[in-house]
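The values are calculated or read from the model by the stated rules, or taken from the named source; none is laboratory data. A quick note: this is a predicted structure, and the numbers were derived from the prediction, not measured. Counting neighbours? That spans all protein chains shown, and the Cβs are built from the backbone with ideal geometry, glycine included. Surface areas here come from the heavy atoms of the whole protein model, side chains and all, with no ligands, DNA or RNA. Shrake-Rupley method; radii C 1.70, N 1.55, O 1.52, S 1.80 Å.
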Amino acid sequence: MEGRATASTPAALPYYVAFSQLLGLTLVAMTGAWLGLYRGGIAWESNLQFNVHPLCMAIGLIFLQGDALLVYRVFRNEAKRTTKVLHGLLHVFALIIALVGLVAVFDYHRKKGYADLYSLHSWCGILVFVLYFVQGQVQ
């Protein structure tokens, strides 16, 4: 073996990555703008606590999770250990931010006296979060 073989990068990959980052940042910005302009903003200790939920879910489970999935493609010529650490850190940050979103919505429901897990959205959300967590434990 002469040395480490480098994987070839498709020519259009940088454009796809740039487009995905632009799309993700646009999603986060539009969610923040929607919450700020039409829903009154976000705050933890007020009626605006519920608004933390969609922002955290957009950042964690869409933007950061997508970035974590792209790490192996974007950094294919880097050391495997480095890419694994970055991949893992992005997934951990995504999980923590999503957990903050879940805590916000459950805490808001508790303060308001609302029932938890009363809709299909809430059950599907819990299922997604649990499967995301379990999938991270299995790898």
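Length available on full extension from Gln21 to Ser119: 0.36 nm per residue minus the Cα-Cα distance, which gives 32.1 nm. For Thr26, the accessible surface of its heavy atoms amounts to roughly 60 Å² (probe 1.4 Å, protein chains only, rounded to the nearest 10).
Estimated at 0.36 nm per residue, the fully extended path between Val130 and Asn47 surpasses their Cα-Cα distance by 27.2 nm. Across the chain, the mean sequence separation of Cα contacts (distance under 8 Å, 6 or more residues apart), normalised by length, yields a relative contact order of 23 percent.
Counting only DSSP H runs of at least 4 residues, each contributing -39500 (n - 2.57), and dividing by the residue count of the chain, the helix-based mean residue ellipticity at 222 nm comes to -23000 deg cm²/dmol.
Here the chain exposes an accessible surface that is 70 percent carbon and sulfur, computed with a 1.4 Å probe and the other protein chains kept in place. With loop membership from DSSP and a limit of 16 other Cβ atoms within 10 Å, the longest segment of the chain without chymotrypsin sites (Phe, Trp or Tyr not before Pro) is 1-43. Using a simple spin-label model with pseudo-atoms 7 Å out from Cα toward Cβ, Asn77 and Met30 lie 3.4 nm apart. For the chain, just say rounded, prolate or oblate: build the C-alpha gyration tensor, square-root its eigenvalues into a ≥ b ≥ c, call rounded for a/c under 1.5, and beyond that prolate if a/b exceeds b/c, oblate if not. Here the chain falls in the prolate category.
Label sites at Lys111 and Phe93, each approximated as a point 7 angstrom past Cα along Cα to Cβ, lie 2.7 nm apart.
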